[in-house]
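The values are calculated or read from the model by the stated rules, or taken from the named source; none is laboratory data. This one's a predicted model, so the numbers in the text were calculated from it and none came from an experiment. Don't worry about glycine lacking a Cβ; one is built from the backbone with ideal geometry, like all the others, and counts go over all protein chains shown.
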Amino acid sequence: MATQEEVFKKMVSHCKEYGFVFPSSDIYDGLAAVYDYGQMGVELKNNIKKYWWDSMILLHENIVGIDAAIFMHPTTWKASGHVDAFNDPLIDNRDSKKRYRADVLIEEQIAKYDEKINKEVEKAAKKFGESFDAELFKSTNPRVQEHIQKREALHTRFAKALNDNNLDELKQIILDEGIVCPISGTKNWTDVRQFNLMFTTEMGSTADGSTKIYLRPETAQGIFVNYLNVQKTGRMRIPFGIAQIGKAFRNEIVARQFIFRMREFEQMEMQFFVRPGSEMEWFKHWKEFRLKWHKALGLGDEKYRFHDHDKLAHYANAATDIEFEMPFGFKEVEGIHSRTNFDLSQHAKYSGKKIEYYDPELGESYTPYVIETSIGVDRMFLSIMCGSYKEEQLEGGDSRVVLQLPPVLAPVKAAILPLVKKDGLPEKAREIMDSLKFDFKCVYDEKDSIGKRYRRQDAVGTPFCITVDHDTLNDNCVTVRYRDSMKQDRVKIEDLHALIDAQVNMKNLFKKLIG
Ligand code: ATP
């Protein structure tokens, strides 16, 4: 059996081989942590964005979208706190010359304790069989108790160090836990330093005095600075939301794990403006809605979990992540934050504008509170890929790689395949393609054996293969072969549209979300 790491590596090469993701400027050997999406990848990415956008804009009368510029007035980032506080703690290993995020090294150490605990529980579960009580075992077994105590002590110490911004203590934790560099295997660490993640550039020519500006590290501020514009012109009444999809840039210290941590990436963010005091209720509401949105894709409910933050960002009074089980562990895909009225108040202060809402029901004005849902398109893409990539052993010693993508997100919905390149079969296949192509992304393929063509479609996650054979000319039926089960059915051409639509129409998922 291949390890998770090996499968992940294969999945990454699969992404390149089949036109999903390429390293940026590949012919120049790439640019670290920057990637391009290929002909398949862009379709999948667009479908993810559509699923998100429509679930916000179509399903909620009180949510509207905007598309703000990447460049913003530099005071925006002073007001938001990013100039002073958008930092990560970095640490170098002197022997390998590799750089790490100190907080991530410690988080991985905590995960190791979790793994040890889980292993003990699994072992005991096997031994004791059906009558096994995991909670009782955890609270009584001395070895597990020892791991739990160590984990909790580390967790408390780590959370305190982060909240106190105590860099010396972060280093001390790394030393005390005996954390070594995975490359050199040594504990020869430098001190921990803060590193600001924002990219800067200059606007205007230097001759007439240029201005330093930032590439936005999050799309949210574009929403906050447009709060008044949208509220007034859209006559929005609280509670209401503003959604946006767009690029964000972060000069990440360590960029590994493919498109998990990129320096240029895309975010889908929604800021929901609410009455002060009602924010916890809305926080709960959005947590539930967002988790439903993920689970509706059908990759397996057990692959998702919430993770509450140890350190709240400077603006937040509650925060949680939705994590997905990647081959390298449960990892954040989306953040849900209760941002209080911090951002709007700060922008009011720095701009001198009154940024408030007059609540006709209460007869008073206030600065709205904000619940934010923030998800990375690329991380979502990665989670979908990780959840869908399967290597299957088939009967007769054959094997196949299949992407079991949720059909609504699949780049290609149906492949139309004439069994042979003659006898009028290509013409019939083209006719079918023409009747489907306005509603579904279809491909036509007549090259190679039918088996090879099926494999090609499996590898890019096409849910339906439609084969046209000689009988088709007489009975107007085709063979539909289903990607996951590989089962084949004889179907009337006139029924194809409904058959595909039932699987790939996002409407069906949206009904689940609000049902
Ligand atoms: P992390 O702790 O992994 O650095 P974060 O908590 O800083 O992430 P947020 O600021 O909450 O992330 O950003 C919201 C979402 O944007 C994340 O959940 C993630 O999906 C995405 N995201 C953030 N940074 C990156 C990145 N460097 N590459 C790809 N996606 C990212």
Residue in segment 399-410 that is modelled with pLDDT under 95, out of contact with any Leu (no Cβ under 7 Å at 6 or more places or on another chain) and within 24 Å of Met40 (Cβ to Cβ) present: yes
Hits in segment 475-515 (condition: in a loop (DSSP other than H, G, I, E, B) and over 14 Å from Leu436 (Cα atoms)): Asn476, Arg483, Asp484, Ser485, Met486, Lys487, Gly515
Cβ-Cβ under 8 Å pairs, at least 6 apart or on other chains, segment 116-142 side within 20 Å of Glu152 (Cβ to Cβ), far side outside any helix (DSSP H, G or I): Glu120/Asn141
Unmet requirement for Ile110, which otherwise passes all of (1) away from the ligand (no atom under 15 Å from the Cβ); (2) of a type outside the set (S, T, N, Q); (3) more than 21 Å from the chain's Cα centre (by Cα): (1)
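Sort out for me the strands (runs of 3 or more DSSP E) sitting completely within segment 1-93 that have 2 or more residues that are at pLDDT below 95, closer than 30 Å to Ala313 by Cβ and of a type outside the set (Val, Ile, Thr). Break it down stepwise before answering.
Details: elements: 21-23, 35-37, 63-65, 87-92.
Those strands (runs of 3 or more DSSP E) span 87-92.
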Matching option when the condition is of a type in the set (S, T, N, Q) and over 22 Å from the mean Cα position of the chain (by Cα), among Ser55, Ser25: Ser25
Scope segment 317-329; condition in a strand (DSSP E or B) and either at pLDDT below 90 or over 12 Å from the mean Cα position of the chain (by Cα) (or both); matching residues: Ala318, Ala319, Thr320, Gly329
Enumeration of residues in segment 263-289 that are polar (S, T, N, Q) and surrounded by fewer than 19 Cβ atoms within 10 Å (Cβ to Cβ): Ser278
Elements of type strands (runs of 3 or more DSSP E) in segment 356-426, at least 2 residues being within 16 Å of the ligand (Cβ to nearest atom) and in contact (Cβ under 8 Å) with a residue 12 or more places away in the chain: 369-376
Among residues of segment 70-94, those that are surrounded by 15 or more Cβ atoms within 10 Å (Cβ to Cβ) and of a type in the set (Asp, Glu), counted: 2
Qualifying residue in segment 299-316 (condition: within 12 Å of the ligand (Cβ to nearest atom), modelled with pLDDT of 95 or more, over 17 Å from Ile48 (Cα atoms) and part of a strand (DSSP E or B)): no
Checking Leu136 against (1) assigned to a helix (DSSP H, G or I); (2) surrounded by 11 or more Cβ atoms within 10 Å (Cβ to Cβ), the condition it does not meet: (2)
Residue in segment 328-344 that is away from the ligand (no atom under 15 Å from the Cβ), more than 25 Å from Ala410 (Cα to Cα) and touching a helix residue (DSSP H, G or I) at 6+ places or on another chain (Cβ under 8 Å) present: yes
Considering residues of segment 158-215 that are without any contact (Cβ under 8 Å) to a residue 60 or more places away in the chain and acidic (Asp, Glu) only, the residue surrounded by the most Cβ atoms within 10 Å (Cβ to Cβ): Glu169
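I'd like to check which helices (runs of 4 or more DSSP H) are fully inside segment 156-270 and have at least 2 residues that are within 16 Å of the ligand (Cβ to nearest atom) and not basic (Lys, Arg). Spell out how you get there, then give the answer.
Details: elements: 167-176, 220-224, 227-233.
The helices (runs of 4 or more DSSP H) meeting that bar are 220-224.
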